[in-house]
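Everything on this sheet refers to the single structure shown next.
The values are calculated or read from the model by the stated rules, or taken from the named source; none is laboratory data. On a predicted model such as this, the values are computed, not experimentally measured, just so you know. Cβ coordinates were reconstructed from backbone atoms using ideal geometry, including for glycine residues, and neighbour counts include every protein chain displayed. These accessible areas exclude ligands, DNA and RNA; they are computed on the full protein's heavy atoms, side chains included. Shrake-Rupley method; radii C 1.70, N 1.55, O 1.52, S 1.80 Å.
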Amino acid sequence: MSVDLSVNIGSLKLANPLIAASGCFGYGVEYAEAVDLSTLGAIAVKGLFLEERAGHPPARIVETPGGMLNAIGLQGIGVRRFVAEKLPPLREQAAVVIVNICGSTIEEYAEIARILDDSDGIGAIELNISCPNIKKGGMLFGCSLKGTHEVVSAVRNVTRLPIIPKLTPNVNDVASFAVAASEAGADAISLVNTFLAMAVDVETRRPKLSNVVGGLSGPAIRPIAVRMVHECYQAVNLPIIGMGGIMTPDDALEFVIVGASAVQIGTANFVDPFIWNKLLQGLTEYLERHQLEAVSGLVGSLDLTVRETTWTNS
Amino acid sequence: MLTDVDAVVLSNSILSPAYNVLSLAAPQIASRALPGQFVMVKPDCGNDPLLRRPFSIFEVLRDDNHQISGISLLNKQVGVTTSTLFGLTAGDNVRCLGPLGRPFSMAKRSEKAWMVAGGVGLAPFYTLAVALQSQQIDSTLFYGGQSSRDLFYVEAFRQLRVNLELTTDDGSLGHHGQVTGPLERSLHELKPTTSLRIYACGPTPMMRAVTKLASAHGHDVEVSLEQIMGCGLGGCYSCVVPIRHEGGSVNFVRSCLDGPIFNGRDVVWDGLEQ
Ligand SMILES: Cc1cc2nc3c(=O)[nH]c(=O)nc-3n(C[C@H](O)[C@H](O)[C@H](O)COP(=O)(O)O)c2cc1C
C-alpha cells in the first residue's frame with residue numbers, strides 16, 4: 001500500500017509534512033551535501049531582518065536536561081543578500097522555501113515582505129513574532145494581541161504569499177493569539193517558538209549565556225508544545241504547523257493527531273542531520289499499520305470520547 | 001562526503017586518570033579525513049546530554065592488512081560526554097559524523113613546520129605530523145602540560161622524526177614553565193632566511209600568546225579553535241568566532257564551516273570566551 005504524505009498549508013502544497021525549523025537549518029544550502037533538499041516538505045530558513053545582524057557574542061548555547069537554551073540573537077545576512085545569494089541555489093535544489101522574517105518595527109516586517117513578494121521561489125513567509133532573545137521586536141509583538149494583529153495585517157496588505165505567524169509559548173492563553181492571527185488574515189500558524197529560560201554557572205555565579213536569557217528547545221518542551229497545538233486547533237480554523245522537541249516519528253504523530261497539518265524539526269536536526277528519512281519512514285509505517293491512506297486524514301484525529309469503564313468482579 | 005557512522009569502539013586505552021584514547025571503527029570517515037578536521041560525536045546516552053560534541057581526529061587507524069579501519073579520539077574527562085567516552089569499552093557504540101571543517105594548510109617542502117600544543121590540544125597534531133613526515137618536512141612539536149603525567153604519545157611523535165620541545169608547569173619533564181618559553185627561544189634562534197609555518201592548538205590564552213609571539217617575529221599561526229558547537233554543519237550559528245577581515249570589519253564566523261582552523265592574526269581574541 002502506498003500512502004499519501006502530502007499536506008496543504010493554505011495554498012502551499014507540501015510533498016510531506018516535515019519542515020526544517022527556522023534557525024536550525026541555516027539557510028538550507030549548508031545541508032545540501034547531507035540531505036537532498038527537495039525531499040523535505042519545506043525548509044524554514046534562518047530568521048531574517050531587513051539588514052545584516054551581528055548576533056550575540058558567544059556563549060550562544062548551553063545544554064539543559066533534555067534540551068538546550070539558545071541566544072543566537074538572529075545573526076543574519078539580511079533579506080536582500082538572502083534573495084541574491086541563497087535563494088538561487090535553493091531554487092536549483094527544488095527546495096520549498098519558507099522565509100522566516102523578523103522586524104524591530106511593523107514597517108520593517110512589511111518592507112521585508114514586500115521584497116520577498118517580488119522574488120521568485122518562495123513558498124510562504126513565516127512571521128517570527130516570537131524570538132525570545134532579542135531586545136527590540138520579535139516576541140514584543142507576539143506577546144500582545146494587538147501587536148500580533150498589527151504585524152499580520154501589515155504583512156497581509158503587501159503580499160499574496162501565504163503568511164504563517166509563528167506564535168510564542170511565553171503567553172498565558174496561546175489560543176487567543178491564534179485567533180488574533182486568524183482574524184488579521186493569516187493563512188496558517190506555526191508554534192511553538194522557544195520558551196524563555198535561563199541557566200547559571202554556580203561556580204562563577206555568571207549566566208551561562210552571554211545574553212543572560214535564551215530560548216529552551218528540544219524534547220524537554222514537547223508536552224507543553226503538544227498541549228498548545230491542541231488548544232489552538234480547537235480555537236481556529238487554520239492549518240497549524242506544530243513543533244517543539246520532535247525527535248521520533250511518534251513525537252511528530254502526537255502533533256499531527258492533536259491538529260498539526262505539518263511539523264517542524266529543529267533541535268533534533270543538530271543531533272541527527274539524517275533524521276528526515278527516518279521520520280518519513282516512521283510516518284509511512286504508522287499509516288500502513290493503521291491502514292490509513294493519507295497523513296492528512298490523521299490531522300486533528302485526537303479521540304476525546306469518554307469511554308465507559310466497565311469491570312466484572314470475579 | 002559526509003557520513004554518520006554508528007561506530008564500534010575497537011579499544012579504549014586509558015592514558016591517565018583524566019585522559020584516554022578511544023579507537024572507533026569508522027573507515028568511511030577515516031579514509032577522507034585531513035589533518036585538522038573534526039567529527040561530531042555522541043555516545044549512547046539518550047537525551048542527556050542531547051547534542052553531539054566536536055572532537056579532533058587524533059589518529060587514522062589501520063588494520064593488520066594496513067587498510068584504513070577507523071579513527072581515534074584523544075579524550076579528556078571534563079563533562080558528562082567526555083566522562084562517558086572515558087568509560088567505554090570495546091564493542092560499545094558511538095555515533096560519529098564527519099569529517100568536518102577546514103583542515104590545516106600543508107607546509108611546503110621548503111618550510112619548517114612547528115606545532116604548538118597545550119594539553120588536550122595535542123589532538124589535531126598526530127595526523128598532521130604523519131602528513132608532514134610523508135612530505136619529509138622538518139617538523140617540531142612544542143608540547144606543554146601540567147606535569148609529566150599529562151604528556152602523551154611523545155614516543156610516537158619521536159618515531160615520526162618530529163623534534164620535541166616539552167614543557168611542564170611543575171618542571172617534572174622537559175622545560176619548567178610554559179610552552180611559549182622554548183617557542184620564543186626558537187624564534188630568536190631561527191635564521192632570518194628560514195621560512196616557517198606555525199600551528200597551534202590548546203587553551204585559548206595559550207593560542208593567543210603564541211599568535212602574539214609569532215607575529216612579533218613576522219609569522220602567522222594557524223590556530224585550531226575549540227568552540228561550543230551545536231551541530232557542526234553550519235545550521236545553528238552557535239560556534240561563532242569574531243574574525244577581523246581585510247579592511248578592518250569584524251563579524252562572527254562559524255567555526256564549524258570556516259574553521260576550526262583560523263589564522264590567529266584574524267581572530268579578535270578579546271571577543272572569545274576565556
Ligand atoms: C539555535 C536555534 C536558533 C533558532 N532560531 C530561530 C529563528 O531564527 N527564527 C525562529 O522563528 N525560530 C528560531 N528557533 C526556534 C525553532 O525554530 C523552534 O521553534 C524551536 O527550537 C522548537 O523546536 P525544536 O524543539 O524542534 O527545536 C531557533 C531555535 C534554535 C535551537
Cα-centred dipole magnitude for chain A, charges only on beta-carbon of K, R (+1) and D, E (-1), debye, nearest 20: 760
Relative contact order for the stretch B:39-132, counting Cα pairs under 8 Å that sit 6 or more residues apart, in percent: 33
Highest-fluctuation residue, A:Thr194, A:Thr64, A:Thr284 considered, GNM on chain A with Cα pairs under 10 Å: A:Thr64
Between the stretch B:90-108 and the stretch B:15-74, the alpha-carbon center distance in angstrom: 7
Rounded percent of accessible protein surface that carbon and sulfur make up, the protein assembly as shown, 1.4 Å probe: 50
Residue order for B:Met1, B:Met206, B:Met106, B:Met40 - accessible surface, 1.4 angstrom probe, largest first: B:Met1, B:Met106, B:Met206, B:Met40
B:Phe86 accessible area, assembled protein chains, probe 1.4 Å, Å²: 40
Dipole-positive endmost among B:Asn251, B:Val116, B:Ser105 within chain B (Cβ charges, Cα centre): B:Ser105
When the convex hull of its Cα atoms is projected in every direction, mean area for the protein assembly as shown (nm²): 32.5
Choice from B:Glu222, B:Glu59, B:Glu246 with maximal GNM fluctuation in chain B (Cα, 10 Å cutoff): B:Glu246
Length released on extending from A:Leu302 to A:Glu183, taking residue separation times 0.36 nm less the Cα-Cα span: 40.3 nm
Surrounding net charge for B:Lys42, when Lys and Arg each add one and Asp and Glu each subtract one, Cβ distance under 13 Å: -4
For chain B, calculated [θ]222 nm from helices alone, where every DSSP H run of n ≥ 4 adds -39500 (n - 2.57): -5500 deg cm²/dmol
Antiparallel DSSP beta bridges within the protein assembly as shown, percent to nearest 5: 55
For a label point 7 Å along the Cα-to-beta-carbon line of B:Asp220, residues of the stretch B:233-273 with backbone N under 16 Å: B:243-248, B:258-268
With eigenvalues of the C-alpha gyration tensor scaled by 5 and rooted, the stretch A:191-284, Å: 28, 18, 9
Simple spin-label estimate for A:Glu33 and A:Asp173 in nanometres, 7 Å along Cα-Cβ: 5.1
Over 18 Å between alpha carbons, listed pairs A:Lys46/A:Lys166; A:Lys146/A:Lys166; B:Lys112/B:Lys191; B:Lys42/B:Lys76; B:Lys108/B:Lys212: B:Lys108/B:Lys212
Extension gain from B:Gln135 to B:Arg62, taking 0.36 nm per residue of separation minus the Cα-Cα distance: 24.3 nm
Ellipsoid semi-axes in whole angstrom, largest first, where each is sqrt(5λ) of the Cα gyration tensor of chain B: 28, 22, 18
Charge context of B:Pro192, other residues only, Cβ under 15 angstrom, K/R +1, D/E -1: 0
Three principal axis lengths of chain A [C-alpha, angstrom, descending]: 70, 51, 41
Chain B, dipole about Cα centre (Lys/Arg Cβ +1, Asp/Glu Cβ -1), debye to the nearest 20: 480
Residue order for A:Val29, A:Val263 - accessible surface, 1.4 angstrom probe, largest first: A:Val29, A:Val263
Computed label-point distance, nm, for sites A:Asp4 and B:His245 using a 7 Å Cα→Cβ extension: 4.8
Theoretical gain in end-to-end length, A:Lys278 to A:Lys13 [0.36 nm per residue, Cα-Cα removed]: 93.2 nm
Area of A:Thr204 that stays accessible when all protein chains are in place (1.4 Å probe, Å², to 10): 80
Cα gyration tensor shape of the stretch B:87-203, rounded if a/c is under 1.5, else prolate or oblate by comparing a/b with b/c: oblate
Pair B:Ser148, B:Lys191: separation of 7 Å Cα→Cβ label points (nm): 3.6
For the stretch B:27-167, size of Cβ-based charge dipole, Lys and Arg +1, Asp and Glu -1, in debye: 380
Which of A:Thr310, A:Thr105, B:Thr180, B:Thr167 is most accessible, then next, and so on - probe 1.4 Å: A:Thr310, A:Thr105, B:Thr180, B:Thr167
Chain A: calculated mean residue ellipticity at 222 nm from DSSP helix runs of at least 4, using -39500 (n - 2.57): -8000 deg cm²/dmol
Label-reachable residues, the stretch A:75-115, where backbone N falls under 18 Å from a point 7 Å from A:Glu51's Cα toward its Cβ: A:75-83, A:102-113, A:115
